[in-house]
């Protein structure tokens with residue numbers, strides 16, 4: 001077996017192992033954790049709005065110009081990831097809060113910016129969805145409200161039930177490094193033999 005074949009085999013084996021590992025990892029970790037955004041709905045005035053429509057309204061009214069979702073956006077106002085929970089998981093309460101704002105804390109009434117009730121309910125559907133996201137405990141107790149008080153979301157405890165993924169990743173990396181070093185050493189030995197002959 002020549003060096004090129006050894007290098008090819010050394011790289012092919014980890015790739016063959018990585019493909020099923022990636023598929024299994026995706027389906028056991030991410031695919032089942034978060035809900036389908038089309039299935040998260042809010043009803044208002046005989047209409048049903050889903051989280052996808054809500055995200056469009058959230059973007060239309062430029063909510064992320066002040067707020068964040070899972071840490072993405074501006075940091076002028078509180079993170080909105082768990083605001084649905086913080087308002088009692090009540091659609092009408094959150095929608096009215098969005099429309100009325102809290103001018104004393106710096107949030108203008110969105111009604112004054114042209115927002116209609118149906119748009120507030122659309123945004124509520126999106127915020128209901130973000131509340132259901134598996135954020136691995138983020139924002140936790142380190143996320144601060146604008147008034148200086150930490151929010152009520154507690155961090156999740158680490159779950160070590162999927163430790164096999166970490167171990168498999170370490171084994172994969174070590175096998176890859178070993179294959180590269182082995183191929184390099186074999187090539188170096190072949191070059192020495194050619195020089196000696």
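Relative contact order for region 41-133 using alpha-carbon pairs under 8 Å, separation at least 6, rounded to a whole percent?
Computed value for region 41-133: 38 percent relative contact order.
Which length gain, in nm to one decimal place, applies between residue 172 and residue 38 when the Cα-Cα distance is subtracted from 0.36 nm times their residue separation?
Result for the pair: 44.5 nm of gain on full extension.
Neighbouring Cβ atoms within 10 Å as the yardstick, rank 195, 7, 23, 98 fewest first.
195, 23, 7, 98
At 0.692 mPa s and 37 °C, plugging the Kirkwood radius over alpha-carbon pairs of region 41-133 into Stokes-Einstein gives what diffusion coefficient in µm²/s?
256 µm²/s
Taken together, the values in this text are just the output of simple stated rules run on the coordinates, not laboratory data. Keep in mind it's a predicted model, so treat the numbers as computed, not measured. Note: ideal-geometry Cβ built from the backbone for every residue, glycine included; neighbour counts use all protein chains shown.
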